[in-house]
Amino acid sequence: MPRLTDPNTASFPDEVRDFLTSLPPDPMVKMLSHSTGTVKPFIELAKAQFTALQLSARSRELVILTVAEYTGSTFVAAQHNPMSQAAGVDERTRQLIRSRQLDDAELSPHDGALLRFTADIVQQPHIADDVFDTARVFLSERELVEVLQVIGYYWTFGRISTVLDVEVTKIYGDEPILDTPDNGTSG
């Protein structure tokens, strides 16, 4: 049971209410809408992470699954297990993430570096030079910054889900479509 009740949408500014009615009903969106000043930019940032990154969809999903594991967010894990599969992440790799075996020899050097980089960032404010340098072998400067942004976004998303007990009521089988009234594009 969520710790907060559904917000009163009648009290929302028209722009926020219009934006939210353009989205499919979702318990996380309801929870996020308690902050009417940030819900739209937060959702638009999610869209950007599905449409505007140089980082591949597969790498993005590896990062998200790792963040879900290390934040204890079953909500994020449930949503992104099927998305990660659609992005090419196999079940064995998902198992290694869930069991925190990020140094397993079955992982490619790229995946191992990305997963260790992500896990270390979630767990501490500074990471060792060797972890950073190994990630840098496989990721461009832009991709390194994008990984940090995805980590930060999903850390926040994970904490909202765990602290406020947001229930998983729908699992998306593929990447979600995030239409916005501003541009009408989908992600």
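When only residues in the range 127-153 that are outside any helix (DSSP H, G or I) and free of Cβ contacts under 8 Å to residues at least 12 places away in the same chain count, which is surrounded by the most Cβ atoms within 10 Å (Cβ to Cβ)?
Looking only at the range 127-153, we keep the residues that are outside any helix (DSSP H, G or I), and these are 127-128, 139-140.
Of the ones still in play, those that are also free of Cβ contacts under 8 Å to residues at least 12 places away in the same chain are 127-128.
Details: Ile127: 16, Ala128: 11.
Only one residue tops the list, namely Ile127.
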Consider Glu141 against the criteria (1) more than 26 Å from Asn81 (Cα to Cα); (2) within 11 Å of the chain's Cα centre (by Cα): it satisfies all of them except one. Which criterion is unmet? (2)
Filtering the range 1-60 for residues that are more than 22 Å from Ser161 (Cα to Cα), open to solvent by less than 70 Å² (accessible area, probe 1.4 Å) and among the aliphatic types (A, V, I, L, M) leaves a count of 4
Would you mind telling me which numbered condition in (1) in contact (Cβ under 8 Å) with a residue 60 or more places away in the chain; (2) within 15 Å of Thr118 (Cα to Cα) Glu44 fails? (2)
Anything in the range 71-116 that is within 20 Å of Thr162 (Cβ to Cβ), open to solvent by less than 30 Å² (accessible area, probe 1.4 Å) and of a type in the set (S, T, N, Q)? List them, or say none. Thr71, Ser73, Gln79, Ser84
Among Phe138, Phe132, Phe157, the single one that is under 26 Å from Pro25 (Cβ atoms) and not hydroxyl-bearing (Ser, Thr, Tyr) is Phe157
Out of curiosity, is Glu61 under 23 Å from Gln85 (Cα atoms) and either modelled with pLDDT of 95 or more or under 11 Å from the mean Cα position of the chain (by Cα) (or both)? yes
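Is it fair to say Val122 is surrounded by 15 or more Cβ atoms within 10 Å (Cβ to Cβ), hydrophobic (A, V, I, L, M, F, W, C) and touching a residue at least 40 places away in the same chain (Cβ under 8 Å)? Explain how you work it out, then say what you get.
Details: surrounded by 15 or more Cβ atoms within 10 Å (Cβ to Cβ): yes; hydrophobic (A, V, I, L, M, F, W, C): yes; touching a residue at least 40 places away in the same chain (Cβ under 8 Å): yes.
Taking the combined requirement at face value, the residue satisfies it.
Could you list, in sequence order, all residues of the range 97-110 that are over 23 Å from Thr156 (Cα atoms) and not in a loop (DSSP other than H, G, I, E, B)?
Pass one, the range 97-110, residues over 23 Å from Thr156 (Cα atoms): 101, 103-110.
Listed by number, the residues that qualify are Pro109, His110.
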Quick one: count up the residues across the range 48-68 that are under 22 Å from Ser108 (Cα atoms), assigned to a helix (DSSP H, G or I) and in contact (Cβ under 8 Å) with a residue 40 or more places away in the chain. 9
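The values are calculated or read from the model by the stated rules, or taken from the named source; none is laboratory data. Keep in mind it's a predicted model, so treat the numbers as computed, not measured. FYI the Cβ positions are ideal-geometry reconstructions off the backbone, even for glycines, and counts take in every protein chain you see. What goes into the accessible areas is simple: the full protein's heavy atoms, side chains included, and nothing from ligands, DNA or RNA. Shrake-Rupley method; radii C 1.70, N 1.55, O 1.52, S 1.80 Å.
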